[in-house]
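What follows is a set of notes on a single structure, which appears directly below.
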Amino acid sequence: MRSTRLWITLSCCLFAMTLAGWAQGRKPGLWEMTTTTTWQQSPFPPGMAAASPSANPFMASGLHTTLVCLTQEQIDRYGAIVPSTRGCQVTNLVKSAHGMTADWVCNGMMSGKGTLESSWSDENRAVGKVHFAGSIQAGPNPKPIEWTAESTSVFKGADCGAVKPMAMPNK
């Protein structure tokens, strides 16, 4: 069960990161992202995901704020920060001057498909949405999962300080 929690925590965090969308004109640097995560189908028994939100905040439904370091390489390749979970890849990427969309396909311990959407009206703010449905291996049996995360991101400055950029996924 601990392995399942780790995968779900990592996946949710990475999905939330996807929500910070930026185009070629976006600024690399530190962004503050506020995300609301809603589980349509959680692999946890009722109440369990919320039992330790301080240890694993992305496991629980609700509002979460995090700092994200966006690199120029991420902007150039995807127009957004995208998940880099092992066994998952970004497909069908479409970038425009004011947004991006893509699919996120996962095979392995976590299997399923998500949709990624990000849009922006200026260089200092972005909004995004991720929806994922699939399953995650929890012991001997896979458990169904589905969630939606919506976010708003605000540029804080060019220096990321101690916040490290996420690894980019394979194409």
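The values are calculated or read from the model by the stated rules, or taken from the named source; none is laboratory data. Note that the coordinates shown come from a computational prediction; the quantities given were computed from them, not determined experimentally. Positions of Cβ are backbone-derived with ideal geometry, glycine not excepted, and every protein chain shown enters the neighbour counts.
Here are some notes:
- Scanning the range 138-171 for residues that are farther than 21 Å from residue 87 by Cβ and of a type in the set (Phe, Trp, Tyr) gives a single hit, 155.
- The range 132-171, subset closer than 20 Å to residue 100 by Cβ and touching a Gly at 6+ places or on another chain (Cβ under 6 Å), residue modelled with the highest pLDDT: 132
- The one condition in (1) closer than 16 Å to residue 149 by Cβ; (2) assigned to a strand (DSSP E or B); (3) hydrophobic (A, V, I, L, M, F, W, C) that residue 82 fails to fulfil: (2)
- Subset of the range 89-105 that is in contact (Cβ under 8 Å) with a residue 60 or more places away in the chain and assigned to a strand (DSSP E or B) - its residue that is nearest to the chain's Cα centre (by Cα): 104
- Filtered residue count, the range 142-171, keeping only those that are of a type in the set (A, V, I, L, M) and either part of a strand (DSSP E or B) or in contact with a helix residue (DSSP H, G or I) (Cβ under 9 Å, 6 or more places away or on another chain) (or both): 5
- Within the range 89-114, the set of residues being within 17 Å of residue 148 (Cβ to Cβ) and hydrophobic (A, V, I, L, M, F, W, C) comprises 102, 104, 106, 110.
- Selection from the range 120-141 of residues that are part of a strand (DSSP E or B), surrounded by fewer than 16 Cβ atoms within 10 Å (Cβ to Cβ) and of a type outside the set (Lys, Arg): 121, 122, 133, 141
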